[in-house]
Amino acid sequence: MNYEIVELKEKIVVGLIARTNNNAPDMGVVIGGLWNRFYQEGVYASIEKKTNEKALGIYTDYAKDEKEDYSVLVACEVEQVKTLPEGTLSRTIPAGKYAKFVVTGHMQKAVADFWQELWTMDLPRLFSCDFEEYQNEDMENAQVHIYISLKESV
């Protein structure tokens, strides 16, 4: 899988959060439920001061073992946080070095396939914060930029 190494500035995000792990039988339901609530219950529309219209799937608070729990956030980047819509929280995507992958195809399948392949790669991962940035809403022809946090020594 091809990628480029990029330096990102800190990003402030607002969204919904849940905990799961890659081996949880309900992982898909947990993550899918966040996306459903984000759009169907009007959370996305209620977030003020968005920097753009892109949605983010963020993975953080986890260890190197894919069997351990991690936090999943469905969010969008904001300029600043003045008020939080009910049930949401604000988090920060840390500045730093990331491997940027561009994934295209059927939104769910392409992203799921990406993560399966990523676990086989020998990347110097930092395991601090990884995220998907959805460039469009086309389910069949999605373009998703995926950022994987890297150790600074790369």
Out of the range 95-109, which residues are under 14 Å from the mean Cα position of the chain (by Cα) and more than 30 Å from S153 (Cβ to Cβ)?
M107, Q108
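So that you can scan it fast, the table gives a plain yes or no per residue for (1) touching a Leu at 6+ places or on another chain (Cβ under 6 Å); (2) among the hydroxyl-bearing types (S, T, Y); (3) free of Cβ contacts under 8 Å to residues at least 40 places away in the same chain; (4) over 22 Å from H145 (Cα atoms):
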{"site": "P25", "(1), (2), (3), (4)": "no, no, yes, yes"}
{"site": "Y59", "(1), (2), (3), (4)": "no, yes, no, no"}
{"site": "Y62", "(1), (2), (3), (4)": "no, yes, no, no"}
{"site": "T83", "(1), (2), (3), (4)": "no, yes, yes, yes"}
{"site": "G87", "(1), (2), (3), (4)": "no, no, no, yes"}
{"site": "T104", "(1), (2), (3), (4)": "no, yes, no, no"}
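Let's see how each residue does on (1) part of a loop (DSSP other than H, G, I, E, B); (2) buried (at least 17 other Cβ atoms within 10 Å of the Cβ); (3) over 13 Å from the mean Cα position of the chain (by Cα):
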residue: V14; (1), (2), (3): no, yes, no
residue: N22; (1), (2), (3): yes, no, yes
residue: V29; (1), (2), (3): no, no, yes
residue: R37; (1), (2), (3): no, yes, yes
residue: E53; (1), (2), (3): yes, no, yes
residue: Y59; (1), (2), (3): no, yes, no
residue: E68; (1), (2), (3): yes, no, yes
residue: V72; (1), (2), (3): no, yes, no
Subset of the range 74-93 [part of a strand (DSSP E or B) and polar (S, T, N, Q)]
S90, T92
Could you say whether any residue in the range 77-94 is under 12 Å from the mean Cα position of the chain (by Cα) and of a type in the set (A, V, I, L, M)?
yes
Within the set of pairs 6 or more residues apart or between chains, which connect a residue that is farther than 13 Å from L150 by Cβ inside the range 109-135 to a residue that is surrounded by fewer than 16 Cβ atoms within 10 Å (Cβ to Cβ) and hydroxyl-bearing (S, T, Y) with Cβ atoms less than 7 Å apart?
A110/T104
The condition from (1) in contact with a helix residue (DSSP H, G or I) (Cβ under 8 Å, 6 or more places away or on another chain); (2) modelled with pLDDT under 95; (3) closer than 26 Å to A24 by Cα that D138 misses is numbered (3)
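In the range 129-146, how many are hydrophobic (A, V, I, L, M, F, W, C) and more than 14 Å from the chain's Cα centre (by Cα)?
2
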On the basis of being within 22 Å of G32 (Cβ to Cβ) and either part of a strand (DSSP E or B) or of a type in the set (G, A, S) (or both), does T104 make the cut?
yes
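Report, by residue number, each residue of the range 97-147 that is among the hydrophobic types (A, V, I, L, M, F, W, C), more than 18 Å from A55 (Cβ to Cβ) and surrounded by 14 or more Cβ atoms within 10 Å (Cβ to Cβ).
Of everything in the range 97-147, those that are among the hydrophobic types (A, V, I, L, M, F, W, C), more than 18 Å from A55 (Cβ to Cβ) and surrounded by 14 or more Cβ atoms within 10 Å (Cβ to Cβ) turn out to be A99, L118, L123, L126, F127.
The values are calculated or read from the model by the stated rules, or taken from the named source; none is laboratory data. Keep in mind the model is a prediction, meaning the values are calculated, not measured. Cβ sites come from the backbone with ideal geometry, for glycine too, and all protein chains shown count toward neighbours.
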